[in-house]
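The structure under discussion appears below in the form of structure tokens.
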Amino acid sequence: MLLLKEGIVVTGDGSTLLEKGWVVVEGTKIADVLERPDEAAERYAERVIDCAGKCVLPGMINHHVHGVVFGPVFASGASPYPRSRVLELLDRNLLQGQTTVLNVDGFATMEEVWETQRAHPVRIRTATTHFPLAFEAADRCDGSGLGPAHRAMTVEKMLELGAVAIGEVGGGHTLGGGGQDYIYIPRAVKEKTGRDIDSFQARALKLAVLGRYIDPSACDLGKVGEVLREIGLADVLTPEEARRLVVDTVMPSVQVTLEGYREAAQLALKFDVPVIIHNAPTSMKVVHEVARMGVKRLIAAHSNYLFTREEAVENTRKLREYPGVIIDAAVHDAFGATRLVSGPENLFAFFQHDRADIISTDFAAGEFDSMLQAIEEGVARGLISLPKAVALGTKRVADAIPGLAPGLGLLARGYEADIVITEYPRVSRVDTVLIAGRVVVEGGRRVA
């Protein structure tokens, strides 16, 4: 028996906070959650962890993350990351208090998922995008990571083998979003000019050519010229050359990706599983169209991303009018690197206006901040209560995607003992992590 005593226990149900709670763990399960001391439990416990002044939470369930499986990455089907990078990203999740992750690089096979699971203690589940239009979109953008085993797979087979959702349908790579900014446009510029540009410079060029809604008719050659001068490419690219480069890089996959939303929704209806779709200005209209199709669990991913604050709040208000829509708010890198997202204003707006049903990290070029960081910051600003915020990353995620985390997301008798101990109120400072009752992080360092 393991006893966690006298911690500030937030159970994950959205309302309960025990100021001096005790959590009893037997084997892989939670045996009890107590509001007062239990001398017998303390006497018979094999190990007692004094949690006085600390917070005890369910393990976070990160339902939208890339790069955590030894398989193709992103909706573009790009080549897999090196094994060391995948394990590094899994460690990042673990040390942030995220004990379950859902891989939304939907072209991975179950064999690749199982191989990764054997190499790391974080619970790894996967979604699937093994359907024709998703393959076509990937090939138009990249497709370099797709081999015969990936192309032979289908959504139906993946679901039979254990995939828990369809997704991520669309993405920043195939819909002209962040993936284009930090991978494909810089790569195209390098090939054309021999010059390097960063993601912010690529985004400025893309916006001048395609606008926020990724529309070639929005091109402003005068603005393109200004951007070329600002980023130091005016001597090697004319505005027209830059326009063609951006259009040729971004646009081939966009329309077929949007068509794929409808195919994915039909599959979700057929197999009665959740579908996770990329919600951004480019795809907003199609997201609403798909929402009208009646999918029981339609997860509008990172609905706070790329929109203005006003657009994000209004768009999610309208989406919630459709039964089955679940609004995800992503943390990205808003508190740290700010490489992809410059700040947390949209996330805070979702807390303030009660727009988020669930939260995740997404990827942010691998620089994602933790779900607990978002929770900490939102609570500190008085935008949301700690119990409610924790539920957005635990029990509510488990409810939204039933196959993702059965028996997880709640500190309650009979639930799996995935538990995080943090500082308080600085809940982003993770000290100890248990997965299935086993201590895998201690003193902020991985020990198993």
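Here, each number is a calculation from the coordinates, and none is a lab measurement. Since this is a predicted model, take the numbers as computed values, not measurements. When we count neighbours, we look across all protein chains shown, and the Cβ atoms used for this are built from the backbone with ideal geometry, even at glycine.
So the label point goes 7 Å from the Cα of residue 226 along Cα→C-beta, right? Which residues of region 250-287 then have their backbone N under 20 Å from it? From region 250-287, the list is empty.
Among 202, 232, 184, whose Cα projects farthest towards the positive end of the dipole of region 178-242, with charges put on the beta-carbon of Lys, Arg (+1) and Asp, Glu (-1)? Comparing the listed Cα positions along the dipole, 184 ranks first.
Put a dot 7 Å past the Cα of residue 251, heading toward its Cβ, do the same for residue 238, and the two dots end up 1.8 nm apart.
Using a simple spin-label model with pseudo-atoms 7 Å out from Cα toward Cβ, residue 161 and residue 285 lie 3.8 nm apart. Residues whose amide H lies under 5 Å from that of residue 279, counting only those 5 or more places away or on a different chain, are 301; hydrogens are built 1.01 Å from N in the peptide plane. Of all DSSP beta bridges confined to the chain, the antiparallel ones make up roughly 50%. Put simply, when 67-73, 22-28 are sorted by average Cβ atoms within 10 angstrom per residue, most first, you get 67-73, 22-28. With the cut-off at under 17 Å, measuring from each backbone N in region 97-116 to a point 7 Å along the Cα-to-Cβ line of residue 446 picks out 97-103, 113-116. Amide H to amide H distances under 5 Å link residue 325 with 298, where only residues 5 or more positions off or on other chains count and H is placed in the peptide plane. For the chain, the residue among 316, 97, 332 whose Cα projects farthest onto the positive side of the dipole built from Cβ charges is 316.
When the Cα gyration tensor is reduced to axis lengths a ≥ b ≥ c, the ratio a/c is 1.5 or higher for region 178-242, and with a/b not above b/c it is classed as oblate.
Remark: C-alpha extents of region 405-448 on the principal axes read 26, 26, 15 Å, sorted largest to smallest.
Long-range amide H contacts for residue 78: which residues qualify at under 5 Å (H placed 1.01 Å from N, peptide plane, sequence gap of 5 or more or a different chain)? Residues meeting the criterion, in which the H sits 1.01 Å from N, are 73, 143, 145.
Taking the Cα centre of each part, how many Å lie between region 394-448 and region 265-341? About 26 Å separates the Cα centre of region 394-448 from the one of region 265-341. Here, region 290-448 yields an orientationally averaged convex hull projection of 10.0 nm² when only Cα atoms define the hull. Build a GNM of the chain with springs between Cα atoms under 10 Å apart, and of 243, 229, 355 the one that fluctuates most is 229.
Computed over the chain with a Gaussian network model linking Cα atoms closer than 10 Å, the most mobile of 396, 195, 92 is 195. A Gaussian network model of the chain, with springs between Cα atoms under 10 Å, assigns the largest mean-square fluctuation among 91, 362, 235 to 235.
Within straight-line reach of residue 54, meaning a Cα separation under 13 Å, sit the following aspartates and glutamates at least 8 residues removed in sequence or on another chain: 6, 19, 423, 431. Scaled against 2.2 N^0.38 Å for its residue count N, the alpha carbon radius of gyration of the chain is 0.99.
Separation of the alpha carbons by more than 25 angstrom is noted, of 29/157; 318/388; 270/388; 296/318; 206/296, for 29/157; 270/388; 206/296. Projected label points at residue 320 and residue 190, each 7 Å from Cα along the beta carbon direction, are separated by 4.3 nanometres. Karplus-derived 3J(HN,Hα) values for region 302-308, using 6.51 cos²θ - 1.76 cosθ + 1.60 with θ = phi - 60°, are 5, 5, 8, 9, 6, 6, 5 Hz; glycine and proline are entered as x.
Residue-normalised convex hull volume from the C-alpha trace of region 1-110: 127 Å³ per residue.
Sorting 161-168, 137-144 by average packing, meaning the other beta carbons within 10 Å per residue, from highest down gives 161-168, 137-144. Contact order normalised by length for the chain, with contacts defined as Cα pairs under 8 Å and 6 or more residues apart; what percent is it? Normalised by residue count, the contact order of the chain is 20 percent.
Entry note, region 291-406: relative contact order of 23 percent, from Cα contacts under 8 Å with a spacing of 6+ residues.
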